[in-house]
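The values are calculated or read from the model by the stated rules, or taken from the named source; none is laboratory data. Given the structure is predicted, the values throughout are model-derived calculations rather than measurements. So basically every Cβ, Gly included, is an ideal-geometry build from the backbone, and we count neighbours across all protein chains shown. When the accessible area is computed, the model is the full protein with side chains, heavy atoms only, and any ligands, DNA or RNA have been set aside. Shrake-Rupley method; radii C 1.70, N 1.55, O 1.52, S 1.80 Å.
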Amino acid sequence: MLQYVILFDMKEKIFCSRTFFLIVVSLFGLLPVVAQGAGASALAYPESYFSFRDAMLNGRGKTAPEFESQYATVVAVVEATKSGWERDVLLAGCDYVLGRAYRYLGDTKKAIMYFDKAIEICKEVLKKHEVAEAYVVYADAISQNCSIKPKTYAMTQGAKIKTLAKKALELDPSYGAAKYLENSQNIFPPAPFNDLKEGMKNLDILLDTNQFRMDEYDVYSALSARAYGYLQQGKKEDALYWYQKALELYPDNVAVLEIIPTIK
């Protein structure tokens, strides 16, 4: 059976059936920053990166020049302070975040350009170094491309996401962003391709225990995924509750603000 993978970011994710009700936003949701889950990283991220990432997630009313300016600021800091694979992984994370920003702005062409750039950087890093963050950025960028490239891309590339997440977890078992990515396949596809019972159980572990390192971005992703899991079960009140919890972290998140009116 062809394995489909959808990562959550309500308005940004797809399943390859055109009849499936698409919830696209992060990551996302949630998933990830590394673009997903920088808080679970061994890398030292500059503060400007977190400001950039948070601006993307609180993107209501923001413009392309604003995002480009923040991107340039972070890239300049990374280029000046990092080297080798650390620099490259951080730059890939920046490309991923800017790609997401362009997705929110509706510029698919530029979004794909930055997601592809992030993927290529991570591929080059992983040829020489086993780096958990590179696997996560790589997986996240694939997930975004699955929602905006032709569906043949999702069919050929989507199954890599879980594989990449597992490799990240082998290197760093407490990496919350990687665990979220691994679990996303249980939540986002429609029946019979999902495993909501397993998926919700894993989300409970992510959110309600201290087994994994999580920052606000990771928590947002997991909260949004939990909401979507309830939506899949037809439990609208529960879904709304958890979407509201996600908004408490990022109140200007375009994805959540758009999905809530479709549930009420």
Heads up, the stretch 162-221 by the C-alpha gyration tensor (a ≥ b ≥ c square roots of eigenvalues; a/c under 1.5 rounded, else a/b over b/c prolate, else oblate) looks oblate
For a test of the definition: using alpha carbon positions, the gyration tensor, and the 1.5 limit on a/c, classify the stretch 134-203 as rounded, prolate or oblate. oblate
How many nm separate the modelled label positions at K151 and L196, each set 7 Å beyond the Cα in the direction of the Cβ? 2.3
Could you work out the mean projected area of the convex hull around the alpha carbons of the stretch 100-250, in square nanometres to one decimal? 9.3
From the backbone phi of the stretch 134-139, what are the Karplus-calculated ³J(HN,Hα) couplings (6.51 cos²θ - 1.76 cosθ + 1.60, θ = phi - 60°) in whole Hz, Gly and Pro given as x? 5, 4, 5, 4, 4, 5
Take the solvent-accessible surface of the protein heavy atoms, probe 1.4 Å, and return the percent of it on the stretch 114-189 that carbon and sulfur atoms account for. 52
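Any chance you could run the full-extension gain for E130 through A159? It's 0.36 nm times the residue separation minus the Cα-Cα distance, nm to one decimal.
Taking 0.36 nm per residue and subtracting the Cα distance, the gain is 8.5 nm.
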Along the stretch 198-214, what does the Karplus equation 6.51 cos²θ - 1.76 cosθ + 1.60 (θ = phi - 60°) give for ³J(HN,Hα), rounded to whole Hz, x for Gly and Pro? 5, x, 5, 4, 5, 5, 4, 5, 5, 8, 10, 10, 10, 6, 10, 7, 9
Whole-Hz ³J(HN,Hα) from phi, Karplus 6.51 cos²θ - 1.76 cosθ + 1.60, for the stretch 234-240, glycine and proline x: x, 8, 5, 5, 5, 4, 4
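Can you compute the FRET efficiency between E68 and T108 using 1/(1 + (r/R0)^6), with r the Cβ-Cβ distance and R0 = 22 Å? Round to the nearest 0.05. Before the final figure, lay out each step's value.
Working: r = 17 Å, r/R0 = 0.76.
Once the sixth-power term is evaluated, E becomes 0.85.
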Inter-label distance for Q244 and D204, nm, one decimal - labels placed 7 Å from Cα along Cα-to-Cβ: 2.3
